[in-house]
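Values in this text are rule-based calculations from the coordinates and carry no lab data. A quick note: this is a predicted structure, and the numbers were derived from the prediction, not measured. Please note: Cβ atoms are built from the backbone with ideal geometry, for glycine as well, and neighbour counts cover all protein chains shown.
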Amino acid sequence: MAIHRLDHVGIVVEDLAAAVAFFVELGLEVEGEATVGGPWADDLLGLDGVRADMVVVRTPDGHGRVELSTFRSPRTTDTAPNVPVHAPGIPRLTFVVDEVEDVVARLRAHGGELVGAIARYEDLCRYCYVRGPENVIIGLVEELH
């Protein structure tokens, strides 16, 4: 048995519009929107009364997709942890960008916070981490040619 491809990464957010704006500012494009619920969603998630709004954004090359969703029901009071970038189990999404400083500046206007500093790795790349909506951590890599 083989894996065919990575289909998408899913992130649950509280403020769907803010999360979409953050990823669109990063350069992803809205692929589609939907509201889901019903018995199949309850079965999938192991919850009762699921009702969620979601937006799928994709990278310009069409190969990477992020599903952003917010739940109308059932409600939860739990939130994503605001832990250091090296904590076990904390996912990071990494994107290759043209100019890392420009992207960081644009994301700051959407609540993005630089985790450390923009670091140069030899003559290969400049790399940093940005904490975005719901404490999602994204990596930004500027390849040096």
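The candidate values are (i) 16.5, 53; (ii) 19.2, 67; (iii) 25.9, 78; the one derived from this structure for Rg and Dmax of the Cα atoms in Å carries the label (i). Modelled label positions at Ala119 and Val141, each set 7 Å beyond Cα in the direction of Cβ, lie 1.4 nm from each other. In the chain, what percentage of the DSSP-assigned beta bridges are antiparallel, given to the nearest 5? Of those bridges, close to 75 percent are antiparallel. Only Cα sites of the stretch 9-73 enter the Debye sum here, all with the same form factor; the resulting log10 I(q)/I(0) across q = 0.17, 0.28 1/Å is -0.58, -1.16, listed in q order.
Ranked from largest, the principal axis spans of the Cα set of the stretch 60-145 equal 49, 30, 26 Å. This model, with +1 at the C-beta of Lys and Arg and -1 at the C-beta of Asp and Glu, gives the chain a dipole about its Cα centre of some 280 debye. Restricting attention to the stretch 92-143, close to 65% of DSSP beta bridges with both partner residues there are antiparallel. Placing +1 on the Cβ of every Lys and Arg and -1 on the Cβ of every Asp and Glu, with nothing else charged, gives the stretch 9-73 a dipole about its Cα centre of roughly 20 debye. On the basis of the beta-carbon distance and an R0 of 30 Å, Arg51 and Ala109 show a calculated FRET efficiency of 0.45. With the charge dipole of the stretch 14-145 set up from +1 on Lys and Arg Cβ and -1 on Asp and Glu Cβ about the Cα centre, the Cα lying farthest toward the positive end among the listed residues Gly64, Ala119, Gly49 is that of Gly49. Exposure proxy for Phe22, Phe71, Phe95: other Cβ atoms within 10 Å of each Cβ, ordered fewest to most, give Phe95, Phe71, Phe22. Only Cα pairs under 8 Å and 6+ residues apart enter the sum, and on that basis the relative contact order of the stretch 9-73 stands at 42 percent.
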